[in-house]
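The values are calculated or read from the model by the stated rules, or taken from the named source; none is laboratory data. This one's a predicted model, so the numbers in the text were calculated from it and none came from an experiment. For neighbour counting, all protein chains shown are included, and Cβ atoms are generated from backbone atoms with ideal geometry for every residue, glycine included. SASA here: full protein model, heavy atoms, side chains in, ligands and nucleic acids out. Shrake-Rupley method; radii C 1.70, N 1.55, O 1.52, S 1.80 Å.
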Amino acid sequence: MDKFGKSQPVTRREDIRFLTGEGRYVDDIAPEGALQCFVFRSPVAHATITDLDVSDAKEADGVHAIYTLADLEAAGMNVGMDGATMKNRDGSQGAAPERPMLARDTVRFVGEPIAMIVADTLAQARDAAEMIMLDYDDLLAKMDMSAGGQTLHAEAPDNVAYDWHMGDKDATDAAFDAAARVVSLDVGDNRIIVNSMEPRGCYAEMEGDRLHIAINGQGVWGPKGQLAKALDVDAEVIRVTNPDTGGGFGMKGMMYPEYFVLAHAARDLKRPVRWMSERTEAMLSDNAGRDLTSLTELAFDANNKITAYRVNTEANMGAYNSQFAQAIQTQLFSRVLMGVYDVQTTYFHSIGYYTNTTQVDAYRGAGRPEAIYILERAMDRAARELGVDPLELRRINFIKPEQFPYDTTTGETYDVGDFNKVLTRTESEADIPGFAARKAADAEKGLLRGMGLCYYIESILGDPAETTKVEYTDEGRVNIYVGTQSNGQGHETVYTQFLSDQTGIPVDMIDVVQGDSDLIKTGGGTGGSRSVTTQNNATLATVSAMTEAFTAFLAGEMGVPASEITFDDEQFRADGSNMTPTMLEVADMAREKGRDDLLVHERRVALEARSFPNGCHVSEVVIDPDTGVTTCDRYTVVDDFGNLINPMLAEGQVHGGVVQGLGQALTEHVIFDEDGQLLTATFMDYALPRADDVPMIGFTSEPVPSTANIMGMKGCGEAGTVGALAAVSNAVQDALWERGVRQVDMPFTPLKVWELLKDDAIAAE
């Protein structure tokens with residue numbers, strides 16, 4: 001154990017290789033001589049294919065093969081991709097149209113893959129794509145979220161993907177009828193593109209009779225199972241690896257058509273093949289996020305206590321069901337829809353529509369930002385209309401510490417929480433009492449300053465079980481095999497630090513091994529803020545098993561009963577023996593005695609319950625009314641993540657999440673024209689946040705340790721984004737309220753804000 005003790009802000013060990021060009025990204029490590037792939041994609045949003053002729057293209061220089069859906073089916077592949085569905089209100093299943101790996105007869109969004117060309121070079125594959133003859137009859141593009149329009153799928157009349165509800169409608173309606181005040185707000189949540197630093201990519205090769213495919217994703221066991229199903233082979237003949245990945249955000253947590261076609265190409269051609277998405281190609285084909293609108297209503301009694309909560313949401317599913325989309329927009333969305341408030345009468349209704357756009361799926365928070373965003377926007381509106389201080393309104397409605405464990409009306413159980421303590425700390429850290437003076441100073445300059453608050457809660461999601469394997473190598477080092485997958489979060493640092501804390505093994509003697517389906521039995525990958533909590537829970541169990549096995553072995557070596565041997569996280573000790581071996585020394589002793597069974601220890605365990613990170617974000621924005629430019633001037637976060645292993649990495653995760661939220665709130669927005677053509681398909685048109693868009697972000701930890709796991713942890717990966725959307729939006733609304741603007745929706749671009757102020761001025765005249 002390091003001399004400074006546990007839970008220290010240790011700098012990231014993996015950054016050295018990343019910053020010196022030693023990272024192992026999928027496009028860097030593809031086999032030498034691998035054939036290059038190019039995807040021929042639909043140029044239109046909706047059309048019936050009347051002719052697809054690839055014969056000339058197949059004869060082009062360097063071309064080894066061109067694959068269409070017919071070729072995949074002729075090879076015996078199962079070409080339908082996985083897609084989540086939910087139950088409708090009437091008990092029937094949500095629509096489940098086929099999503100083929102390559103287009104079948106009809107194209108349904110610009111960028112839908114139609115064929116894949118495999119050639120010696122990428123340039124040759126591109127040239128061959130120009131020779132493909134595609135004829136089609138245009139169909140009307142369905143671009144709005146409403147029933148009706150040109151039908152995308154026969155299985156979905158009126159283009160309704162699902163019509164889902166949860167809660168007690170009659171009781172909720174009755175509570176609204178009896179309410180002293182009702183506050184409502186129709187809130188839009190704009191579509192965004194993840195734009196990970198490293199676009200999607202993969203390579204595939206044969207390793208003898210086995211297929212090896214490397215994907216820059218968020219785990220390997222899900223893809224392995226889906227590949228086995230698609231290729232109709234036993235899963236044991238497939239090896240999936242996941243090397244270094246430059247950002248995932250949930251967008252890379254599911255399978256895409258290109259990976260299946262590459263896998264088939266490697267088997268068919270008996271040659272390694274590779275594919276890497278370009279940026280515009282990624283914008284066209286990556287699953288998008290958000291894109292929904294919600295009418296949110298709160299019923300209050302005479303004491304400003306919420307008596308009922310009602311939400312009606314319309315969500316864009318895109319052209320097909322994606323791997324998680326319907327579930328994200330419904331079940332996961334509802335898990336934290338109640339936020340941190342004591343409300344027992346609720347009703348949620350969500351309708352998903354198919355449109356001629358790319359799929360919408362889980363990323364940047366997997367449904368939690370949407371839920372908290374609409375709730376906290378409604379709370380902000382309620383504070384204004386009720387004439388109540390926004391902090392006081394939240395305090396009135398908080399679940400109180402003595403109410404925990406608290407069963408929410410959506411079926412979740414919050415284990416612990418002290419929301420008022422976190423809010424009070426935020427009030428101080430954000431200097432809320434000093435806001436009035438800052439606002440007045442800006443007003444003298446002709447500027448508008450607003451302050452916005454968001455109190456969020458989220459839950460860790462995904463598989464509650466995880467696997468850890470610890471192996472002592474012949475070189476005297478220790479490998480820790482993990483079932484999660486780092487996408488840049490610093491897992492190598494956290495996992496080595498935690499194992500070192502528990503065992504005393506020096507961190508520089510530990511190597512993290514991840515992302516190889518041959519090296520560990522199973523794993524849940526990364527997503528839903530699950531990684532550190534689930535993985536370290538498994539590590540604790542593995543260390544416990546290892547300690548027990550080492551203790552039994554040492555009983556014979558030390559000449560004392562096993563019951564008298566203790567381990568203090570650094571050394572084994574026993575009264576009456578002068579031996580005090582470390583874990584590494586015991587492993588060496590076992591190796592000398594031929595006890596190889598003591599050199600590998602593995603356990604898979606599940607969390608008994610989910611934990612619920614929560615916290616408060618306060619944003620202050622300054623708006624220039626002459627230009628509409630909105631600047632986020634101050635940003636403060638106080639989080640309850642429970643016990644932290646590495647506070648520095650937790651703060652880094654919060655900073656990154658907040659910047660993602662700032663991007664959606666201020667600059668990012670996906671725009672299609674009426675024909676379904678993407679108008680924001682390059683960084684000239686799609687505005688990611690830049691350094692000068694981001695203020696200094698204050699971060700304070702105010703932990704209330706979870707009781708749902710032995711470590712008292714709560715997870716933190718997506719918390720920054722979950723809180724940022726509403727905090728910034730409420731700040732903009734606050735700044736514009738005095739000018740009479742009553743409805744603001746993201747993104748707050750200069751033109752949009754300027755037009756809101758201009759329209760208000762015209763109305764005032």
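Some values worked out for this structure:
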| item | result |
| --- | --- |
| Of residues in segment 42-53 being under 38 Å from the mean Cα position of the chain (by Cα) and under 23 Å from Ala265 (Cα atoms), the one most open to solvent (accessible area, probe 1.4 Å) | Leu52 |
| Residues located in segment 220-239, provided they are closer than 20 Å to Gly80 by Cβ and not charged (D, E, K, R) | Gly222, Pro223, Gly225, Gln226, Leu227, Ala228, Ala230, Leu231, Val233, Ala235, Ile238 |
| Failed condition for Val182, given (1) among the hydrophobic types (A, V, I, L, M, F, W, C); (2) assigned to a loop (DSSP other than H, G, I, E, B); (3) open to solvent by 60 Å² or more (accessible area, probe 1.4 Å) | (2) |
| So Gly434, is it touching a Phe, Trp or Tyr at 6+ places or on another chain (Cβ under 8 Å) and either over 30 Å from Thr345 (Cα atoms) or without any contact (Cβ under 8 Å) to a residue 40 or more places away in the chain (or both) | no |
| Qualifying residue in segment 682-695 (condition: within 30 Å of Phe404 (Cα to Cα), touching a strand residue (DSSP E or B) at 6+ places or on another chain (Cβ under 8 Å) and not aliphatic (A, V, I, L, M)) | no |
| Spans of strands (runs of 3 or more DSSP E) in segment 210-316 with at least 1 residues within 30 Å of Gly676 (Cβ to Cβ), open to solvent by 10 Å² or more (accessible area, probe 1.4 Å) and among the polar types (S, T, N, Q) | 292-300 |
| Segment 502-530, residues that are closer than 17 Å to Asn646 by Cβ and open to solvent by 10 Å² or more (accessible area, probe 1.4 Å) | Gln502, Pro506, Val507, Asp508, Val512, Thr526, Ser529 |
| Arg99, sole failed condition from (1) among the charged types (D, E, K, R); (2) under 19 Å from Ala228 (Cβ atoms); (3) open to solvent by 40 Å² or more (accessible area, probe 1.4 Å) | (3) |
| Number of positions in segment 541-597 that are outside any loop (DSSP other than H, G, I, E, B) and open to solvent by 50 Å² or more (accessible area, probe 1.4 Å) | 15 |
| Which numbered condition Val187 misses (of (1) in contact with a helix residue (DSSP H, G or I) (Cβ under 8 Å, 6 or more places away or on another chain); (2) β-branched (Val, Ile, Thr); (3) open to solvent by 20 Å² or more (accessible area, probe 1.4 Å)) | (3) |
| Residue in segment 711-728 that is of a type in the set (S, T, N, Q) and touching a Pro at 6+ places or on another chain (Cβ under 8 Å) present | yes |
| Index of the failed condition, Thr496 passing every other in (1) exposed (fewer than 14 other Cβ atoms within 10 Å of the Cβ); (2) β-branched (Val, Ile, Thr); (3) assigned to a helix (DSSP H, G or I) | (1) |
| Search result, residues across segment 689-699 that are open to solvent by 60 Å² or more (accessible area, probe 1.4 Å) and within 22 Å of the chain's Cα centre (by Cα) | Arg690 |
| Qualifying position, being touching a residue at least 60 places away in the same chain (Cβ under 8 Å), of a type outside the set (A, V, I, L, M) and closer than 21 Å to Thr547 by Cα, among Ser517, Ser500 | Ser500 |
| Flag for Arg108 being among the basic types (Lys, Arg), in contact with a Pro (Cβ under 7 Å, 6 or more places away or on another chain), surrounded by 15 or more Cβ atoms within 10 Å (Cβ to Cβ) and in contact (Cβ under 8 Å) with a residue 60 or more places away in the chain | no |
| One residue from Pro97, Pro9 being in contact (Cβ under 8 Å) with a residue 12 or more places away in the chain and out of contact with any helix residue (DSSP H, G or I) (no Cβ under 6 Å at 6 or more places or on another chain) | Pro97 |
| Selection status of Ala727, within 26 Å of Asp626 (Cα to Cα) and either of a type in the set (Ser, Thr, Tyr) or open to solvent by 30 Å² or more (accessible area, probe 1.4 Å) (or both) | no |
| Residues satisfying the stated conditions in segment 735-761, i.e. part of a helix (DSSP H, G or I) and more than 16 Å from Asp624 (Cβ to Cβ) | Trp737, Asp759 |
| Cross-chain or 6+ apart pairs with Cβ under 8 Å, segment 711-730 first and in a helix (DSSP H, G or I), then open to solvent by 10 Å² or more (accessible area, probe 1.4 Å) and at pLDDT below 90 | Ala719/Ser529; Ala719/Gln653; Gly720/Gln653; Thr721/Arg364 |
| Of all residues making up segment 674-685, the number that are in contact with a helix residue (DSSP H, G or I) (Cβ under 7 Å, 6 or more places away or on another chain) and open to solvent by less than 40 Å² (accessible area, probe 1.4 Å) | 2 |
| Residues being assigned to a loop (DSSP other than H, G, I, E, B), at pLDDT 90 or above and of a type outside the set (Asp, Glu) - total across segment 1-36 | 10 |
| Given (1) surrounded by 14 or more Cβ atoms within 10 Å (Cβ to Cβ); (2) without any contact (Cβ under 8 Å) to a residue 12 or more places away in the chain; (3) not small (Gly, Ala, Ser), number of the condition Asp82 does not satisfy | (2) |
| Residue in segment 700-716 that is in contact with a His (Cβ under 9 Å, 6 or more places away or on another chain), of a type in the set (Val, Ile, Thr) and open to solvent by 30 Å² or more (accessible area, probe 1.4 Å) present | no |
| Filter result (within 30 Å of Gly642 (Cβ to Cβ) and open to solvent by 10 Å² or more (accessible area, probe 1.4 Å)) within segment 467-480 | Lys469, Glu471, Asn479 |
| Residue, nearest to Gly525 (Cα to Cα), within segment 209-254, restricted to residues that are small (Gly, Ala, Ser) and touching a strand residue (DSSP E or B) at 6+ places or on another chain (Cβ under 6 Å) | Ala214 |
| Residues that are at pLDDT 95 or above and hydrophobic (A, V, I, L, M, F, W, C), drawn from segment 604-652 | Cys616, Val618, Val621, Val622, Ile623, Val629, Cys632, Val637, Val638 |
| Residue selected from segment 443-466 under the condition out of contact with any helix residue (DSSP H, G or I) (no Cβ under 9 Å at 6 or more places or on another chain) and outside any loop (DSSP other than H, G, I, E, B), by the criterion most open to solvent (accessible area, probe 1.4 Å) | Glu444 |
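Results for (1) over 30 Å from Leu298 (Cα atoms); (2) among the polar types (S, T, N, Q), shown as yes or no for each residue.
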{"residue": "Met116", "(1), (2)": "yes, no"}
{"residue": "Ala141", "(1), (2)": "yes, no"}
{"residue": "Thr151", "(1), (2)": "yes, yes"}
{"residue": "Glu155", "(1), (2)": "yes, no"}
{"residue": "Val183", "(1), (2)": "no, no"}
{"residue": "Asp209", "(1), (2)": "yes, no"}
